[in-house]
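Report on one structure; see the data block that follows.
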Amino acid sequence: MNPTKHLLLKTLMLNALLCPLCLSPSFAADTPDNTPPDGFVALFNGKDLTGWKGLVEDPEKRAEMSKEELAEAQKKADERMRAHWKVEDGALVFDGKGDSLCTAKDYGDFELWVDWKILPEGDSGIYLRGAPQVQI
């Protein structure tokens, strides 16, 4: 099986299994704010944008950049990120006018546990390593 299709299939299966748990009010009520399940690491501290950075282009374009070009592009991406992302009431909030953000740390193989809320008419998703996008 093609690696991209395999990743997409695993991602869709993971979301199908986790979404009912994430959306369950009784489960959410039993979990303290920003405390991940055993074996998981919180990517967000619930207070500020520590651990996050602006997204620089797509993976192929980033790979073609020199260290200097990437550093300059990252500086600009971080400025755009800070202008459009903030923390409100312990949640990451995006005004919809800038670019995506990504974790400052690169991760290898992982399972992603997500607690998600979206407003009516919202459009949001998660990019795993830049592609494919998983719409929620």
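Of the residues E57, E64, which single one is outside the structural domain of Y127 (by TED's automatic domain parsing) and modelled with pLDDT of 85 or more?
E64
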Restricting attention to the range 85-128, and to residues there that are of a type in the set (S, T, N, Q) and not in a strand (DSSP E or B), which single residue is modelled with the highest pLDDT? S100
V56 over 19 Å from Y127 (Cβ atoms), free of Cβ contacts under 8 Å to residues at least 60 places away in the same chain, surrounded by 15 or more Cβ atoms within 10 Å (Cβ to Cβ) and β-branched (V, I, T): no
Residue under evaluation K47, criteria (1) in a helix (DSSP H, G or I); (2) modelled with pLDDT of 85 or more, criterion not met: (1)
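The values are calculated or read from the model by the stated rules, or taken from the named source; none is laboratory data. Just so you know, these numbers come straight off a predicted model, no measurement behind them. Virtual Cβ from ideal backbone geometry, glycine too; neighbours counted across all protein chains shown.
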